[in-house]
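A.B. asks: First, the structure itself, so that you have it in front of you.
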Amino acid sequence: MTNTETPMIPNEIVVEHPEKREPIGLFTWICVGWLAINLGVALLTPFLPIANPKEMISMPSMGMSLDHLMGTDSLGRDLFARVAWGSRISLGVGLGAMAIGFGIGGPLGMLAAFRRGKLDVALSSVMFTLLAFPSIIAIISILSMWWPRSLAKIILVVGISSVPLVYRVIRAATLSAGSKEYITAARVLGAKDRRIVFRELLPNVAPTGLSFLLFGVATVIALEGVLAFLGLSIDPNTAPSWGNLINDARQSLNDTPQNWPLIIFPSAILCLFILALNFVGDRLRSYFDVTEVKL
Amino acid sequence: MLKYFIKRLVALVAIIIAISIGSFFMIQLLPGDLATSILGVANTPANKRELYARLGLDKGLVQQYLTWMGHVLQGDLGKSYITGESINTSIGKSLPIDLEIIFLSQIVAFACAIPLAMKAARKPNGLFDRLSNGLTFGLLSVPSFIIVVYLVLIIAIKAQIPGTGPGSFTRWPEWAWLFTDTGMFFTTVGHNLTSMVIPTLALSIGSFVVYFRVLRSDLIATLQEEFITMARSKGLSSRRIMWRHAFRPSSVALLGTAGINIGGLIAGGFVVQYLLAIPGLGGLLIASITLQDYLVIQSTVFVVAVAVIVINFTVDFITTLVDPRIARD
Amino acid sequence: MSTETNQNNNPDEDFLVVENLTTTFNTARGPLPAVGGVSFRLGHNETLGVVGESGSGKTVLSRTIMGLQPRTNVEVGGSVRFDGHEIVGATEAELREIWGTKVAMIFQDPMTSLNPVTKIGKQIGESLHVRLGMSKDEAKARAIELLTLVGIPSPEERYEAYPTQLSGGMRQRVMIAIALACNPSLLLADEPTTGLDVTIQAQILNLLDELQMKLQMSVILVTHDLGVVATRTDRIIVMYAGRVVEMGRTKDVFKDHRMPYTRALLESTPRVSNPSHTRLKTIPGRPPNLLKLAEGCAFAPRCSRATEKCSQERPNLEPTGTDGHYFACWNPLDNQSAPVSSSTGSTKEFGEDNVRS
């Protein structure tokens, strides 16, 4: 009877799935390009012919011109230079915090899911309790009392507060990858743990991890904006972050409402950067999900 | 069902204890000198010793924690070291404001998200679906603090709508007024609602986007289920199928999302409150951070964290009532 | 209902008339003819078996008869006249009038076809309340009666149960209760017993049988299992690749089948009279891809009797001479030469305990 049960009409035809696997698409590449440009600017700002972000090089509140692409702020500082230097801070916080989060949460999550048993129970109960704690409140209160502010402290606090979340995501991804038959097959064949982890599990967890990393960086960059608004990010006079720039603009816009580029540019760049991260992360996730269904 | 409920309740208590320990030690272990912030220039070693003895801070940390917890369990959060005001009173004044903002914003978010998600899910990949899907994806990437800034710029400054900008917050009137001066009561309610426009919009946009996207994709999946075809074969109207057969199972996912989201809103609302000078819990927390008012920070953090967890627990419990599948594992 | 008078030329035969029915799905990979021109008639109180492998179009056929195909990306041609209604081309609003009340369907998988978050009693009572206009209390009382009718013990208690709290067999009984709630005159049962244990299968089929007699319905029983249709149907349609390849009275099709595919299906079905450890014959090859159907007979690539002609020209349904028995084959098995292996031709072999009188 085996032959008679071979399906001939794939289910997706009888029941129409609206979300079929799409090609990667132009917009995804635009997003990747935008991320690359921002990353490039952040890395290369000191070597590019970009004005000093702290120097008052022109008249205050000038409109956009060839000399000052985005105009100048209320103190006559070049906005383009400030946005470019600001990307170093914002991206630095985002990537740095996620490096800490993944550096601690990733291995712990994989270990718990791979070993299971008591280790998993112990680690998971601690992590899930921490997860219940609203982390932004912890971040705000810790940073508000830990003087003086510095980039390293912000990265450290935000990074550590992201550990439980990273742990949960990686643990879940490892668990689902580990339950696949080929992992069982590898175990039965007597593969060493190290081999299973690095050759079988890691490649399967990596796509989930990567897309979550992108979402994480986006969240942290927005969070840095919140901290800047509360005056808890780094001192805007030493080095402005995107959040600082938006906060400055908000305050100076009361006096010079005609200087709207001051708020439009930094907030648009921040939102578009987050949008690109979200979009690429989302495509990545659905791309790999669909592949798995097809298998 | 009962067993499941009790299991969750035990976990809830354990988490609340963990949080109390967390919020206590987090504050204690941080650098910063309480004596300086209270005594200022009078911070001599003798004064400091006297102050610590008076506040009970000369005892061991564990004993301090137990004393604090003992008071908290009796419903007393203590008094501010700096202003001397009862923390119960401060939180009692602030909390209703948070609740009002959250309540209003959730009503707006659900009222927009549910019908729009249903319309989009009816024709997946149709014009309306593509448009709304793209638009909400874009909005998803706009942090709430940016939304507030633009709302203030547009509504309060450009459109000059009075009572909407920062600092224009009006408290909800006391109920007693309704019986003594009805006119005044409704005027104040009007002022209050006007001053709620921006914070409500700011928080509801973020919630709306999340709810819309979750409900839409869940509805699309649900509408492909065999039990929907089955409901069609009974000769039921599309409207009835949408609400009774598709929305109910999909609302499980929506509720779960709402639980997580409302928890986040309490915390996320802080920035909104700060920017608009609204004296809710966010305002209280940030004011006491500026004053380095340790006990108020500690108590506010504790209360907010417990509120978030209790909300999550409640939503979780409602979810199991709606969906009998969950409690059965 | 399988009395001789019913099987012979019956004035009632126009109860359901299906003519040249086609269902084509528009897929990303081109048009997919799931049902490719099916015609048959069904009388009052008659039971028709539709048999075929998975993907032979039998499920799509049963849904198209009801007008229940997906709303988008599908084209239906031909005609289905059911008790004076034309189904093909009717709007969903028109169809809603007869759905549930005149024609009802039992779905294949009761786990996925019952709403998981609604009490089963409510699911049965819903059509009573919405379609028949009963009050909520009346609907509840009737739902409990229906639960009793389909043999569910302690129906008052079960009324409050959710689908996940019932066993597979119970769920299928609930499905039957829902389908029968508004007394339909035509019941379409799509693989009603596929997911169930063998003992439960027999119970459910007997229940259907019994209810058919009691409630005077016509039934179309769709299945891949010849054992199911052998003793419970008056007539059989054998489908392959969306087309009818053989049809006739159940007795005739079993005894005197002409189409090699029917033979292959029969030989691949386990039978009571086989000695233990008998190896069942399997049908070589795979069912054809409907997106790439060739000109000729769709079964030709898997058929041992296939000739040149088979892959070039599609055979039409030809009468055998026996009343109402048709087949579509260029090289039919004939009565004498067919090497009937181990009493292939008896319906009794497929379920001796349930032989219809």
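A.B. asks: Connecting C-alpha atoms closer than 10 Å in a GNM of chain C, tell me which of C:321, C:169, C:67 has the biggest fluctuation.
C.D. replies: C:321
A.B. asks: Please report, in whole Å³, the volume per residue of the convex hull around the C-alpha atoms of chain A.
C.D. replies: Enclosed volume per residue, from the Cα hull, is 189 Å³.
A.B. asks: As a test of the definition: which semi-axes, in Å, follow for the protein assembly as shown when you take the square root of five times each eigenvalue of its alpha carbon gyration tensor? Largest first, please.
C.D. replies: So the equivalent ellipsoid measures 67, 32, 28 Å along its semi-axes.
A.B. asks: Evaluate the charge dipole of region B:87-328 about its Cα centre and quote only its size in Debye, nearest 20, assuming +1 on the Cβ of each Lys and Arg and -1 on the Cβ of each Asp and Glu.
C.D. replies: Here region B:87-328 has a charge dipole of around 1140 debye.
A.B. asks: Something else now. Take B:218, C:137, C:109 and order them by how many other Cβ atoms sit within 10 Å, fewest up front.
C.D. replies: C:137, C:109, B:218
A.B. asks: Please check: in the Gaussian network model of chain B (C-alpha springs, under 10 Å), which one of B:154, B:311, B:262 has the largest mean-square fluctuation.
C.D. replies: Among B:154, B:311, B:262, the largest mean-square fluctuation in the Gaussian network model of chain B belongs to B:154.
A.B. asks: Which of B:135, B:285, B:236 ends up with the largest GNM mean-square fluctuation for chain B, with Cα atoms connected below 10 Å?
C.D. replies: Between B:135, B:285, B:236, it is B:236 that shows the largest mean-square fluctuation.
A.B. asks: Please report the antiparallel percentage of DSSP beta bridges with both residues in the protein assembly as shown, rounded to the nearest 5.
C.D. replies: 65
A.B. asks: Now, a different point. Quick one: longest stretch of chain A between exposed loop GluC sites (Glu not before Pro), exposed meaning at most 16 other C-beta atoms within 10 Å and loop per DSSP?
C.D. replies: Counting only loop sites that pass the neighbour cut-off, the longest clear stretch is A:56-295.
A.B. asks: Sticking with this structure for a sec: Can you list which of the trypsin sites (Lys or Arg not before Pro) found in region A:148-252 are DSSP loop residues with at most 15 other C-beta atoms within 10 Å?
C.D. replies: Hits after loop and neighbour filter: A:180, A:192.
A.B. asks: If we restrict to alpha carbons, what Rg and Dmax does chain B come to, in Å?
C.D. replies: Looking at chain B, its Cα Rg and Dmax stand at 24.2, 85 Å.
A.B. asks: Can you tell me the orientation of helix A:202-229 relative to chain A, as the angle in degrees between its alpha-carbon axis and the longest Cα principal axis, to the nearest 10?
C.D. replies: Around 30 degrees separate the two axes.
A.B. asks: Find which of C:290, B:4, C:159 sits farthest along the positive direction of the dipole of the protein assembly as shown, computed with +1 on the beta-carbon of Lys and Arg, -1 on that of Asp and Glu, about the Cα centre.
C.D. replies: B:4
A.B. asks: Also, quick follow-up: Among rounded, prolate and oblate, which fits region B:182-295 when a ≥ b ≥ c are the square roots of the eigenvalues of its C-alpha gyration tensor, a/c under 1.5 means rounded, and a/b larger than b/c means prolate?
C.D. replies: prolate
A.B. asks: What length, rounded to one decimal in nm, is gained on full extension from residue C:317 through to residue C:14, with 0.36 nm per residue of separation minus their alpha-carbon distance?
C.D. replies: Answer, rounded to one decimal: 107.1 nm.
A.B. asks: Given 25 °C and 0.890 mPa s, compute D for chain C with the Stokes-Einstein relation, Rh being the Kirkwood radius over Cα pairs; round to the nearest whole µm²/s.
C.D. replies: Rounded, D is 116 µm²/s.
A.B. asks: Dipole magnitude of region A:56-204 about its Cα centre, charges +1 at Lys/Arg Cβ and -1 at Asp/Glu Cβ only, in debye to the nearest 20?
C.D. replies: The dipole magnitude comes to about 740 debye.
A.B. asks: Once Lys and Arg get +1 and Asp and Glu get -1 on their Cβ, which of A:217, A:186, A:165 lies farthest toward the positive end of the dipole of region A:165-267?
C.D. replies: Sorting the options by dipole projection puts first A:186.
A.B. asks: Below 8 Å between Cα atoms, with a sequence gap of 6+, how large is the relative contact order for region A:168-295 in percent?
C.D. replies: 26
A.B. asks: In addition: With the calculation restricted to Cα positions, what are the radius of gyration and Dmax of region C:14-224 in angstrom?
C.D. replies: Considering region C:14-224 through its Cα atoms, Rg and Dmax are 17.1, 52 Å.
A.B. asks: Right, next: Using only Cα atoms, tell me the angle between helix B:45-55 and the longest principal axis of chain B; keep it within 0 to 90° and round to the nearest 10.
C.D. replies: Compared with the principal axis, the helix lies near 50 degrees.
A.B. asks: Could you give the alpha-carbon Rg of region A:195-295 over 2.2 N^0.38 Å, rounded to two decimals?
C.D. replies: Compared with the compact-globule rule of thumb, region A:195-295 sits at 1.50.
A.B. asks: For region B:2-73, taking Cα atoms only, what is the radius of gyration to one decimal and the Dmax to the nearest whole Å?
C.D. replies: So, for region B:2-73, Rg and Dmax equal 17.3, 59 Å respectively.
A.B. asks: Fully extended, how many nm does the chain gain between residue B:66 and residue B:189 (0.36 nm per residue separation, minus their Cα-Cα distance)?
C.D. replies: Fully extending the segment from residue B:66 to residue B:189 adds 40.0 nm.
A.B. asks: Between residue C:280 and residue A:36, what is the spin-label point distance in nm, taking each point 7 Å from the Cα along the Cα→C-beta axis?
C.D. replies: 5.7
A.B. asks: Turning to a different aspect of this structure: With only Lys, Arg, Asp and Glu charged, each at its Cβ (+1 for the first two, -1 for the last two), find how big the charge dipole of region B:69-126 is about the Cα centre; round to the nearest 20 debye.
C.D. replies: About 520 debye.
A.B. asks: Can you sort C:225, B:316 so the residue with the fewest Cβ neighbours within 10 Å comes first?
C.D. replies: Listed from fewest to most nearby Cβ atoms, that is B:316, C:225.
A.B. asks: Show which aspartates and glutamates lie in cross-link reach of residue C:119 when reach means a straight Cα distance below 14 angstrom and same-chain residues fewer than eight apart are skipped.
C.D. replies: B:323, C:156, C:157, C:160
A.B. asks: Continuing with this model, one more query. Please arrange C:39, A:135 by how many other C-beta atoms lie within 10 Å of their C-beta, fewest to most.
C.D. replies: Starting with the residue having the fewest Cβ neighbours, the order is C:39, A:135.
A.B. asks: How many percent of DSSP beta bridges within chain C run antiparallel, rounded to 5?
C.D. replies: So the antiparallel bridges in chain C amount to around 60 percent.
A.B. asks: Moving to a separate point now. State whether region B:145-233 is rounded, prolate or oblate according to the following rule on the C-alpha gyration tensor (a ≥ b ≥ c being the square roots of its eigenvalues): a/c under 1.5 gives rounded; otherwise a/b larger than b/c gives prolate, and the remaining case gives oblate.
C.D. replies: Here region B:145-233 falls in the oblate category.
A.B. asks: Next question, about the same structure. With everything on Cα atoms, drop me the angle between helix B:182-195 and the longest principal axis of chain B, reported from 0 to 90° to the nearest 10.
C.D. replies: It is inclined by approximately 80 degrees.
A.B. asks: Placing +1 on the Cβ of each Lys and Arg and -1 on the Cβ of each Asp and Glu in region B:87-328, which of B:115, B:261, B:97 has its Cα farthest towards the positive end of the resulting dipole?
C.D. replies: Looking along the dipole axis, the top candidate is B:115.
A.B. asks: Please work out the Cα center distance from region C:78-140 to region A:137-174, rounded to the nearest Å.
C.D. replies: 55
A.B. asks: Under 17 Å from a label point 7 Å along Cα→Cβ of residue B:178: give me every residue in region B:95-135 with its amide N that close.
C.D. replies: Residues B:100 qualify, since their backbone N sits under 17 Å from the label point.
A.B. asks: So which aspartates and glutamates can residue B:123 reach, going by Cα to Cα under 20 Å and dropping same-chain residues fewer than 8 places off?
C.D. replies: Within the straight-line limit of under 20 Å, residue B:123 reaches these aspartates and glutamates: A:12, A:16, A:19, A:22, B:218, B:225, B:226, C:75, C:92.
A.B. asks: For a Förster distance of 35 Å, can you work out the FRET efficiency between the beta-carbons of residue B:107 and residue B:130, rounded to the nearest 0.05?
C.D. replies: Calculated value: 0.80.
A.B. asks: Oh, and also: Nearest 0.05, what FRET efficiency do residue A:199 and residue A:99 give at R0 = 35 Å with Cβ-Cβ as r?
C.D. replies: 0.90
A.B. asks: Now a separate question. Let me know the volume per residue of the alpha-carbon convex hull for region A:131-278, in Å³.
C.D. replies: Residue-normalised Cα hull volume stands at 133 Å³.
A.B. asks: Tell me the label-point distance for the pair residue C:148, residue C:198, using the 7 Å Cα-to-Cβ offset, in nm and rounded to one decimal.
C.D. replies: Rounded to a tenth, the inter-label distance reads 3.5 nm.
A.B. asks: Which of the lysines could a cross-linker span from residue C:309 if the Cα-Cα distance has to be under 21 Å and same-chain partners fewer than 8 positions apart are dropped?
C.D. replies: Qualifying lysines at Cα under 21 Å: C:292.
A.B. asks: Stretch residue A:152-residue A:121 to full length: gain in nm at 0.36 nm per residue minus the Cα-Cα span?
C.D. replies: 7.9 nm
A.B. asks: When only DSSP loop residues count, what trypsin sites (Lys or Arg not before Pro) in region C:68-126 have their Cβ near at most 12 other Cβ atoms within 10 Å?
C.D. replies: When the trypsin sites (Lys or Arg not before Pro) of region C:68-126 are filtered for loop state and at most 12 Cβ neighbours within 10 Å, C:71 remain.
All of the numbers you see were taken from the coordinates with simple rules; none came from a lab. On a predicted model such as this, the values are computed, not experimentally measured, just so you know. Positions of Cβ are backbone-derived with ideal geometry, glycine not excepted, and every protein chain shown enters the neighbour counts.
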